[in-house]
Amino acid sequence: MPKALIPFIKLFLFLTFGLVVLYFVFQNQNEAYLEECLKKGLAEGDCSLIDKIVSDFRTVKVGWILVVLFMFMLSNLFRALRWNQMLKPMGYEPKLLNSMGAIMLAYFSNLGFPRSGEVLRPATLTKYEGIPFDKLMGTIILERAIDVLMLLICIGIMLGFAGEKILEFLQNNATLQDKVGFMFSPWFWVVSVILGIGFIYILFMSSLKESVFVKKLISFIMGIKDGIMSVGKLERPSLFYAYSIGIWVLYFLMTYVCFFSFAPTADLGPKVAFVVFVFGTMGIVFPSPGGMGSYHWLVTESLGFYGVSAGNGFSFANIIFFSIQFFCNVFFGIIALILLPIINRKNEIDSASK
């Protein structure tokens with residue numbers, strides 16, 4: 001097989017996987033929506049979930065969506081500032097614009113290849129700032145460990161005030177329990193980690209073949225270690241913690257504020273938003289492009305805990321998903337893809353002229 005075709009094959013497989021998941025979620029929600037219509041005495045021909053979603057999008061209050069997008073970009077700014085803070089103890093001070101652009105490119109890449117952004121992000125900063133890739137990779141691993149810890153804390157908080165409702169719902173819906181039970185199993189996370197490592201290995205396989213010397217491999221591992229250990233040499237640890245907490249607070253607020261943009265969720269409180277936020281985050285963790293399908297399913301089901309119909313829950317999931325993933329990430333990802341080479345070329349010219 002020609003090597004040039006491999007990226008396109010991977011893109012096709014991942015995108016197909018995401019679309020298949022989304023298709024089954026849509027079919028499930030479509031059946032629930034038809035049941036709602038029949039209960040209301042409406043004819044099946046007059047009930048179209050697609051028409052409903054289009055109609056719901058037209059009723060969205062755009063002002064609230066803009067606030068959500070602002071919060072999302074602010075969380076990315078916090079992430080870029082925190083990343084620069086981790087790199088400073090190792091003697092590197094990248095431009096904030098480059099760090100921010102690398103993050104947006106990573107999100108953009110994840111829409112095509114799940115988790116590919118974890119490699120593209122450090123590679124981008126290596127290209128434009130000359131920082132060793134291995135040290136950058138170490139900081140990315142550290143970030144992911146922090147994200148996992150924050151997610152576990154959020155799950156614990158959620159179970160603290162909504163555990164009985166969730167368990168009761170799962171007990172009353174055996175079919176749903178069979179579907180989501182695997183996500184709470186430690187084996188699910190073990191397998192996910194193994195698959196993630198395998199994916200990263202595939203990405204690096206060609207370069208490892210070209211550089212098979214043990215010394216280079218050890219150097220690479222030590223570079224990763226330096227990146228991970230950078231957290232112990234921070235100048236202002238409290239600021240690092242503030243960025244980390246701030247990122248996740250903004251993630252939660254994005255869900256809560258988005259409630260106000262859609263009439264069926266406008267009266268729901270912050271506790272409901274927190275449950276939906278945690279379930280949605282678990283959906284994004286699932287290895288599909290941007291959480292496509294899995295995010296929709298878990299957000300819809302979590303809204304169902306509080307009496308939101310399947311049709312309205314699915315519409316809300318699409319509103320927040322497409323606003324962030326396909327507008328914000330695609331728009332700013334393309335901007336970063338275009339501007340980063342131009343900006344850094346200009347910087348190189350300015351430096352050479354001095």
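Read-outs throughout are calculated quantities, based only on the coordinates presented, and are distinct from any laboratory measurement. Values in this document were obtained by computation on a predicted structure and should not be read as measured data. Neighbour counts run over all protein chains shown; Cβ positions are idealised from the backbone, glycine included.
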Checking rank on 55-64, 332-341, 70-79, 100-109, with mean other Cβ inside 10 Å and highest first, the result is 100-109, 70-79, 332-341, 55-64
So for the range 240-352, using the alpha carbon gyration tensor with a ≥ b ≥ c as root eigenvalues (a/c under 1.5 gives rounded; past that, a/b versus b/c decides prolate or oblate), I'd call it prolate
Summing Lys, Arg as +1 and Asp, Glu as -1, what charge do residues with Cβ under 13 Å from the Cβ of Thr126 carry, Thr126 excluded?
+1
Long pairs among Lys61/Lys135; Lys61/Lys165; Lys61/Lys271; Lys61/Lys88; Lys135/Lys271; Lys88/Lys271, criterion Cα-Cα beyond 32 Å
Lys61/Lys135; Lys61/Lys88; Lys135/Lys271; Lys88/Lys271
